[in-house]
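Reviewing the structure listed below.
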Amino acid sequence: MSQFERVAALSELDAEGRLSVVVDDRMVLLVRQGDEILAVEDVCSHDGQPLTDGPVSEGAIVCPRHGAKFDLRTGRALCMPATEPIATFAVKVENGEVLVSTEPAAPLPVAAPAAISGKAESCCSTTPATGLPVMDSGCSETEGETPPDESGLLEALKQVVDPELMINIVDLGLIYNVSLEGHKVDVDMTLTSPACPAGPQIMQQSKMALEKLPGIASANIKLVMTPPWSPDRMTDDARDQLGIF
Ligand code: FES
């Protein structure tokens with residue numbers, strides 16, 4: 001049975017209503033949401049970044065490093081590059097003191113980001129080793145669904161962010177071609193440099209973003225280096241974000 005540990009006085013939550021504390025050797029972030037205080041593990045499930053200073057809105061917190069978003073109530077990953085949830089903890093307020101459970105709430109099953117999944121339950125499963133969704137053969141749900149058009153596919157790819165530049169791969173100009181045949185998508189994409197260490201991660205996340213869309217059975221991501229990427233391929237939005245005028 002979980003126990004509660006006193007972590008702070010209610011008055012210690014700063015003006016933004018948040019405070020990072022240690023509970024049983026784990027970093028936990030308290031966030032005030034209306035009359036309620038929520039507690040989540042203060043570590044991004046993508047690459048370990050503290051979430052302490054991440055923007056909070058509409059019940060979710062955004063990782064300040066690569067932009068993953070997590071539901072503060074359930075811990076669920078809502079947006080890539082994170083695909084796994086963060087732990088949540090029960091909170092009690094007694095006599096002006098904040099108490100947090102020493103045990104995390106029951107972990108959620110590993111789930112692809114809800115923001116790009118488009119379908120809550122499906123016949124797709126997730127392989128624990130890679131986090132990639134696997135479409136069962138003969139998936140009747142996909143067969144009966146209408147796949148998105150090209151702009152819908154590009155919107156899904158915008159969920160994938162280059163972890164070095166923190167710009168989505170579409171605005172960065174990494175996507176050379178997207179084509180749809182039936183329920184299968186083929187993507188030609190490039191990298192900002194052939195030695196980009198984030199290449200495998202970007203390709204994996206692109207595949208996952210597309211295969212979670214309704215009506216998409218599989219996505220084939222092909223890496224092409226000709227023509228080579230150049231900054232000319234970036235959109236004005238990407239240039240603005242990088243401060244290039
Ligand atoms: S460390 Fe949080 S999104 Fe990468």
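Each reported figure results from applying straightforward, stated rules to the coordinates on display, with no laboratory input. These numbers come from a predicted model, not from an experiment. Neighbour counts run over all protein chains shown; Cβ positions are idealised from the backbone, glycine included.
Cross-link pairs exceeding 32 Å in C-alpha to C-alpha distance, out of 92/212; 92/207; 69/184, comprise 92/212; 92/207. When you count the other C-beta atoms within 10 angstrom of each residue and take the mean per peptide, 58-65, 211-218, 46-53 line up highest first as 211-218, 58-65, 46-53. One chain, two ends: residue 103 and residue 240. Fully extended at 0.36 nm per residue, the span grows by 45.0 nm beyond their Cα-Cα distance. Put a dot 7 Å past the Cα of residue 26, heading toward its Cβ, do the same for residue 181, and the two dots end up 4.8 nm apart. Along region 157-172 the Karplus relation, 6.51 cos²θ - 1.76 cosθ + 1.60 evaluated at θ = phi - 60°, assigns HN-Hα couplings of 5, 5, 6, 8, 10, 5, x, 7, 9, 6, 10, 5, 5, 6, 5, 6 Hz to successive residues, with x for each Gly and Pro. With each label modelled as a point 7 angstrom along the Cα→C-beta vector, the residue 188-residue 166 pair spans 3.3 nm.
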